[in-house]
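Below is one structure; the comments refer to it alone.
Coordinate-derived values only; no laboratory data. Since we're looking at a predicted model, the values are computed, not measured. Counting neighbours? That spans all protein chains shown, and the Cβs are built from the backbone with ideal geometry, glycine included.
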Amino acid sequence: MSRHGSYLALPLCALALTSCTIGEVEQEQNSAAPSSSTTASPTTAQQSPELTALPGTAVALADATGTHTAGDLSEAVGAGPAWSTSKVPLAVAALRAFPEDAQVAENVRTALTASDNEAAAFLWEALGTPEEAGAAVEAVLREGGDDHTRVETRKVRPEFSAFGQTHWAVADQAAFATALPDVKGAQPVLEAMGQVIPEQSYGLGTIEGMRFKGGWGPGVDGAYTARQMGVLSTPCGVKGAALVARPQGGTYEEAQALLTQAAEELAPHLRCS
C-alpha cells in the first residue's frame with residue numbers, strides 16, 4: 001500500500017464521537033491499555049438482529065458473549081485482504097522474537113502509528129523466510145483465538161506485501177482484537193495503537209477510548225477498500241470491533257467517510273447496557 005493507517009484513550013464507557021476529516025483529529029495518548037481475562041471465540045460468530053451495517057460495509061463486534069456480524073461478509077468486503085491491519089499480529093510476533101531489540105521496537109511503533117510499510121517490511125523480513133514469518137504471525141493469531149485465518153506468504157500481487165493480502169474475516173478479526181490484551185507481548189502494540197497519527201484517525205478513531213489499526217488498498221479493479229480493527233476497554237468488559245468499507249465510488253476518501261459512518265452506527269453497541 002502506498003498510504004498509511006490507526007489510535008486511543010479510556011474514559012470508561014463514554015463514547016464520544018467527533019466528526020473526522022484527514023488531519024483534524026487530536027486524541028489522547030496516555031490511557032492505560034485494555035486488559036482482559038475473557039476471550040471471545042470466532043466460532044460463535046453469527047448474524048446479529050441488532051447489529052446493522054451500511055451498504056458496502058461489513059461489521060463485527062466481539063465480547064465475552066461471542067461475536068456478532070452484519071453486512072457484506074463476502075471476500076469482496078468482509079473477508080477480503082487485511083491490508084495494514086495485518087501489521088498488528090506481525091508486530092506482536094516481531095516483539096516476541098526480538099524483545100530487547102530497539103530497532104524492532106521502533107519499527108513496531110512506526111508501523112502501527114503511521115502504518116509505515118518499510119517498517120512493517122523490516123519486521124516481516126526479520127522473522128526469517130516468508131514461510132517462517134507467516135508461521136510466527138499465525139501463531140499469534142491462534143493464541144488470540146483465531147483458528148481460521150491463514151497468513152499469506154506469497155506475493156499474490158507483486159506491488160503489495162504478502163502479509164497484507166492475508167484474507168481476514170471481520171468475525172475472526174474482532175474476536176482476535178478482544179483477546180489481544182491477553183496475548184503475550186501485545187502491550188507495546190496496544191500502546192502504539194493508541195497513538196495513531198491524526199490523518200489516519202477516522203472511523204474507529206472517532207470513538208473515544210478505542211485502540212485501533214487501519215488498512216486500505218485498491219482491488220484489482222482499482223476500487224479502494226478500507227478496514228479497521230479495534231479494541232475498547234469498558235466497565236462491562238473488553239470489546240473488539242472490525243469494520244470494512246468498500247464504497248460505490250471506489251475512492252480512498254469515500255472509504256474513509258464510509259468507515260466513519262459505520263463507526264457511528266457501531267458506537268451504541270459498545271456502550272454498557
Practice problem: Mind checking which helices (runs of 4 or more DSSP H) fall wholly inside segment 65-149 and carry at least 2 residues that are surrounded by fewer than 17 Cβ atoms within 10 Å (Cβ to Cβ) and of a type in the set (Lys, Arg)? | Solution: none
Practice problem: Give segment 63-87 a look and list any residue that's under 27 Å from Ala162 (Cα atoms), more than 15 Å from the chain's Cα centre (by Cα) and not polar (S, T, N, Q), or say none. | Solution: Gly71, Asp72, Leu73, Glu75, Ala76
Quiz item: Given the conditions (1) in a helix (DSSP H, G or I); (2) touching a helix residue (DSSP H, G or I) at 6+ places or on another chain (Cβ under 9 Å), and given that Gly230 satisfies all but one, which numbered condition is not satisfied?
Solution: (1)
Quiz prompt | Any hit, segment 242-265, residues being aromatic (Phe, Trp, Tyr) and assigned to a helix (DSSP H, G or I) | solution = yes
Quiz prompt | Arg211 vs. criteria buried (at least 24 other Cβ atoms within 10 Å of the Cβ), over 16 Å from Gly80 (Cα atoms) and in contact (Cβ under 8 Å) with a residue 60 or more places away in the chain | solution = yes
Quiz item: Arg154 versus (1) part of a loop (DSSP other than H, G, I, E, B); (2) within 22 Å of Gly71 (Cβ to Cβ): which is the lone unmet condition?
Solution: (2)
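Counting just the residues of segment 214-227 that are part of a strand (DSSP E or B) and more than 10 Å from the chain's Cα centre (by Cα), which one comes out surrounded by the fewest Cβ atoms within 10 Å (Cβ to Cβ)?
Kept after step one, since they are part of a strand (DSSP E or B), are these residues of segment 214-227: 214-218, 224-227.
Narrowing further to those that are more than 10 Å from the chain's Cα centre (by Cα): 216-218, 224-226.
Working: Trp216: 26, Gly217: 24, Pro218: 17, Tyr224: 21, Thr225: 22, Ala226: 30.
Top of the filtered list is Pro218.
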Quiz item: Restricting attention to segment 256-265, does a residue exist that is touching a Pro at 6+ places or on another chain (Cβ under 8 Å) and of a type outside the set (Asp, Glu)?
Solution: yes
Self-check item: All positions within segment 181-208 that are β-branched (Val, Ile, Thr), outside any helix (DSSP H, G or I) and surrounded by 22 or more Cβ atoms within 10 Å (Cβ to Cβ)
Solution: Val183, Val196, Ile207
Exercise. Could you give me the residue pairs with C-beta distances under 7 Å whose first residue belongs to segment 107-130 and is farther than 16 Å from Val189 by Cα and touching a residue at least 24 places away in the same chain (Cβ under 8 Å), whose second residue is among the aromatic types (Phe, Trp, Tyr) and not in a helix (DSSP H, G or I) wherever it lies, and which are 6+ apart or on separate chains?
Key: Ala126/Phe98
Quiz prompt | Lone unmet requirement of (1) in contact with a strand residue (DSSP E or B) (Cβ under 7 Å, 6 or more places away or on another chain); (2) assigned to a loop (DSSP other than H, G, I, E, B) for Thr178 | solution = (2)
